[in-house]
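Have a look at the structure below before the remarks.
The values are calculated or read from the model by the stated rules, or taken from the named source; none is laboratory data. As the structure is a computational prediction, the values presented were derived from the model and not from experiment. Glycine also receives a Cβ, built like all others from the backbone with ideal geometry; neighbour counts cover every protein chain displayed. These area figures cover heavy atoms from the full protein model, side chains too; ligands, DNA and RNA do not enter into them. Shrake-Rupley method; radii C 1.70, N 1.55, O 1.52, S 1.80 Å.
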Amino acid sequence: MNDLLTIITNEKRSLMRGFLVVFILVLPFTFIPVLFTQRFTAETFSQQLPEKALVAALIAGAIIILLLLNNYEKLLQKKRLYDLPAFSSLHFNGAVEKYNAIVKEISTYLFGKVGNYFFRVNITNPRQHNIQVELSPLIYVGQDHELLDRLMQELQLKENLYLSRVINLPEEELQHSDIIRNELLKLSDELSRLGVTPMAVDENGQ
């Protein structure tokens, strides 16, 4: 419950903005039944507006609550997985991104250093049996397109918001404490072999 209250506190502006957007979109549709039952005039509009505004507000509130609960349930799933040995043995720091973006969902990830590089470790599908884990090295590539191509071809990194290697692991394998660390060590060695420059970050990922 404390986690849910934290989300609401940090997301209050986004929640209010989302509520207003949904309210404005829904309100015109609440007048559709009026168009078929009586002649629509300015007087009819003014008389119906309070009732229709209440209906639109209730619908908007219900949608925002559903989004919030869905977000919260997904965060709980990720927290449960992060507590498994494969993640907890990394001793990485937990971090949260995308605050003020409730409709995009808050994302939690792990951050820490293995070998010569800092990594973001993120779970993208916590509700599925095969867990998709993103391993994102914090590296500087700049405008070196040749290096970027090598990273994508030789190291199987994919370019999204971050250059990442995606691995799929059944939840049972997450009971092994070294499975993700070994992947990170291997990736760190491969990056070092290619002479990739680590990104300058502090312990908080800034």
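Summary table
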{"item": "Members of the stretch 27-59 that are under 37 Å from the mean Cα position of the chain (by Cα), in a helix (DSSP H, G or I) and surrounded by 13 or more Cβ atoms within 10 Å (Cβ to Cβ)", "result": "27, 30, 52, 53, 55, 56, 57, 59"}
{"item": "Enumeration of residues in the stretch 166-185 that are within 17 Å of residue 90 (Cα to Cα), of a type outside the set (A, V, I, L, M, F, W, C) and not in a helix (DSSP H, G or I)", "result": "176, 177, 178"}
{"item": "Residues of the stretch 160-185 satisfying the condition of being more than 24 Å from residue 83 (Cβ to Cβ) and either open to solvent by 50 Å² or more (accessible area, probe 1.4 Å) or modelled with pLDDT of 90 or more (or both)", "result": "160, 161"}
{"item": "Flag if residue 30 is out of contact with any His (no Cβ under 7 Å at 6 or more places or on another chain) and at pLDDT below 80", "result": "no"}
{"item": "The stretch 141-159 - residue that is in contact (Cβ under 8 Å) with a residue 24 or more places away in the chain and not acidic (Asp, Glu) and, of those, most open to solvent (accessible area, probe 1.4 Å)", "result": "150"}
{"item": "Residue among 68, 20 that is assigned to a helix (DSSP H, G or I), modelled with pLDDT under 80 and closer than 30 Å to residue 108 by Cβ", "result": "68"}
{"item": "Residue under evaluation residue 14, criteria (1) in a helix (DSSP H, G or I); (2) among the small types (Gly, Ala, Ser); (3) modelled with pLDDT of 75 or more; (4) under 17 Å from the mean Cα position of the chain (by Cα), criterion not met", "result": "(3)"}
{"item": "Pair list, Cβ under 7 Å, 6 or more apart: the stretch 26-47 residue over 26 Å from residue 63 (Cα atoms), other residue at pLDDT below 75 and assigned to a helix (DSSP H, G or I)", "result": "38/44; 40/34; 44/34"}
{"item": "Tabulated pairs, the stretch 62-75, first closer than 17 Å to residue 124 by Cβ, second open to solvent by 70 Å² or more (accessible area, probe 1.4 Å) and charged (D, E, K, R), C-beta under 8 angstrom, 6+ apart or interchain", "result": "74/127; 75/3"}
{"item": "Whichever residue in the stretch 186-201 is out of contact with any Pro (no Cβ under 9 Å at 6 or more places or on another chain) and not basic (Lys, Arg) and, among such residues, is surrounded by the fewest Cβ atoms within 10 Å (Cβ to Cβ)", "result": "195"}
{"item": "Output for the stretch 121-140, where each listed residue is surrounded by 15 or more Cβ atoms within 10 Å (Cβ to Cβ) and farther than 16 Å from residue 168 by Cα", "result": "137, 138, 139"}
{"item": "Cβ pairs under 6 Å, 6+ apart, first in the stretch 115-135 and at positive phi, second open to solvent by less than 60 Å² (accessible area, probe 1.4 Å) and of a type in the set (Ser, Thr, Tyr)", "result": "115/188"}
{"item": "Test: residue in the stretch 103-122 that is assigned to a helix (DSSP H, G or I) and closer than 30 Å to residue 76 by Cα", "result": "yes"}
